[in-house]
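Colleague: Below you will find the structure I want to go over with you.
The values are calculated or read from the model by the stated rules, or taken from the named source; none is laboratory data. Just so we're clear, the structure is a prediction, and the values are computed from it rather than from any experiment. Note: ideal-geometry Cβ built from the backbone for every residue, glycine included; neighbour counts use all protein chains shown. Side chains included, ligands, DNA and RNA excluded: accessible areas come from the protein's heavy atoms. Shrake-Rupley method; radii C 1.70, N 1.55, O 1.52, S 1.80 Å.
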Amino acid sequence: MPLNSQGFSVIDLPEVSPEIFASYEALPVDDYMGNGTRFKRFDQYRLSPKDDTWHFELLPHRDYTTYKTFNSVGGGMRRGYEPIEVDFTPLIAVGAEALGLDRSEDWQINVHQNRTRADGGRPGPLTPEGVHHDGHEFVMIAVFRRENVAGGETRLWEPGADAPFWEGTLDPGQAVLLDDRALAHDVTDVLSADGGPGHRDIVIVAFSRWSEKWYGDDHDEAALADRPA
């Protein structure tokens, strides 16, 4: 299913393995975002079209950098995360096919495996940077679990709008695909459903053309200086 005329679509995901669910129990705390409520691992890949599929090349692990222009909270700094320990590539391939990625060139992806926790006295902020673009061409946000949580509503915005044009809570087994250049987005805080502990488990995949250099020393230098590469 390609993106709709508004620049997004919601898709159903294939079932994931027990190993993927279990891997969320061992995520390290994110020292940079979420004020102790976010847990995270991170990987980067190069995608190359091969016959009717995509070939995934896991890239040498690097710190994550992005522009302060796109993330006022976590941009303009090096953020060191441990590598992802499970294989999300079959799921990512489903998203790539649904997006209809241009197969005339290679793509680079950032893969963020996140858990956000909440309890009765402490919500879990999902987008402390507020309404934003990530700076990539496409973004996929896939939800696997919502355990004893409320909130976590995804909102899509036209640039400069005073209100979102779409709001929806993604169920486990759903993902939203969006044109990150045409749309801004945010997600409301995760809240405990009954005052006890709860969590929301997701993976975020950001797709950029390899030629746009969102990986490597040149990208890091540009992101840290907050200037176009």
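Colleague: Starting from the Cα of H61, step 7 Å toward the Cβ, then list every residue of segment 208-224 with an amide N under 17 Å from that point.
Modeller: Output list for this probe position: 216.
Colleague: DSSP loop trypsin sites (Lys or Arg not before Pro) in segment 171-218 with at most 15 other Cβ atoms within 10 Å of their Cβ, which ones?
Modeller: Here the trypsin sites (Lys or Arg not before Pro) that fit, given the DSSP loop and packing criteria, are R181, K213.
Colleague: If I model a spin label as a point 7 Å beyond the Cα along the Cα-Cβ vector, how far apart are those points for D31 and M77 in nm?
Modeller: It is 1.0 nm.
Colleague: Now a separate question. Taking only C-alpha pairs under 8 Å that are 6+ residues apart, what is the relative contact order of the chain in percent?
Modeller: It rounds to 27 percent for the chain.
Colleague: In Å and whole numbers, how far do the C-alpha atoms of the chain stretch along each principal axis, longest first?
Modeller: Sorted largest first, the three principal extents are 50, 38, 38 Å.
Colleague: Roughly how big is segment 1-67's charge dipole about its Cα centre, with Cβ charges of +1 (Lys, Arg) and -1 (Asp, Glu), in debye to the nearest 20?
Modeller: Charge dipole of segment 1-67: 260 debye, to the nearest 20.
Colleague: Can you order the peptides 126-136, 153-163, 57-67 by their average number of other Cβ atoms within 10 Å per residue, highest first?
Modeller: In decreasing order of mean packing, 126-136, 153-163, 57-67 become 126-136, 57-67, 153-163.
Colleague: Here's another thing I want to ask about it. Between E85 and E212, what length in nm is gained on full extension when 0.36 nm per residue of separation is reduced by their alpha carbon distance?
Modeller: 43.0 nm
Colleague: Can you return the lysines within cross-link range of K68? Criterion is Cα-Cα under 25 Å, with same-chain partners fewer than 8 residues away left out.
Modeller: Partners within reach: K40, K213.
Colleague: Another question, if that's okay. Counting only protein heavy atoms and using a 1.4 Å probe, what share of the accessible area of segment 1-142 belongs to carbon plus sulfur, as a whole percent?
Modeller: Accessible surface attributable to carbon and sulfur in segment 1-142 totals 50 percent.
Colleague: Here's another thing I want to ask about it. Would you mind estimating how fast segment 2-64 diffuses translationally, via Stokes-Einstein at 10 °C and 1.306 mPa s with the Kirkwood radius over Cα pairs, in µm²/s?
Modeller: Here the translational diffusion coefficient equals 102 µm²/s.
Colleague: Compute the label zone of A193 within segment 148-166: residues whose backbone N is under 19 Å from the point 7 Å along Cα-to-Cβ.
Modeller: Residues 148-154 fall inside that zone.
Colleague: Could you look at segment 150-200 and say what percent of its accessible area is carbon and sulfur, using a 1.4 Å probe and all protein chains?
Modeller: 45 percent
Colleague: Compute the accessible area per residue over the chain, keeping the other protein chains in place, probe 1.4 Å, unit Å².
Modeller: Value returned for the chain: 45 Å² of accessible area per residue.
Colleague: Output the relative contact order of segment 51-137, whole-number percent, from Cα pairs under 8 angstrom with separation of 6+ residues.
Modeller: It comes to 29 percent, rounded to a whole number.
Colleague: Tell me, in nm to one decimal, what length is gained between S9 and A182 on full extension, where the rule is 0.36 nm per residue of separation less the Cα-Cα distance?
Modeller: 61.0 nm
Colleague: Once Lys and Arg get +1 and Asp and Glu get -1 on their Cβ, which of M140, A150, F165 lies farthest toward the positive end of the dipole of the chain?
Modeller: The listed residue farthest towards the positive side: A150.
Colleague: Show that you can apply the helix-only estimate: for the chain, add -39,500 (n - 2.57) for every DSSP H stretch of four or more residues, divide by all residues, and state [θ] at 222 nm to the nearest 500.
Modeller: So the calculated ellipticity at 222 nm is -3000 deg cm²/dmol.
Colleague: Segment 14-147: Rg/Rh from Cα coordinates, Kirkwood Rh?
Modeller: Here the Rg-to-Rh quotient is 0.96.
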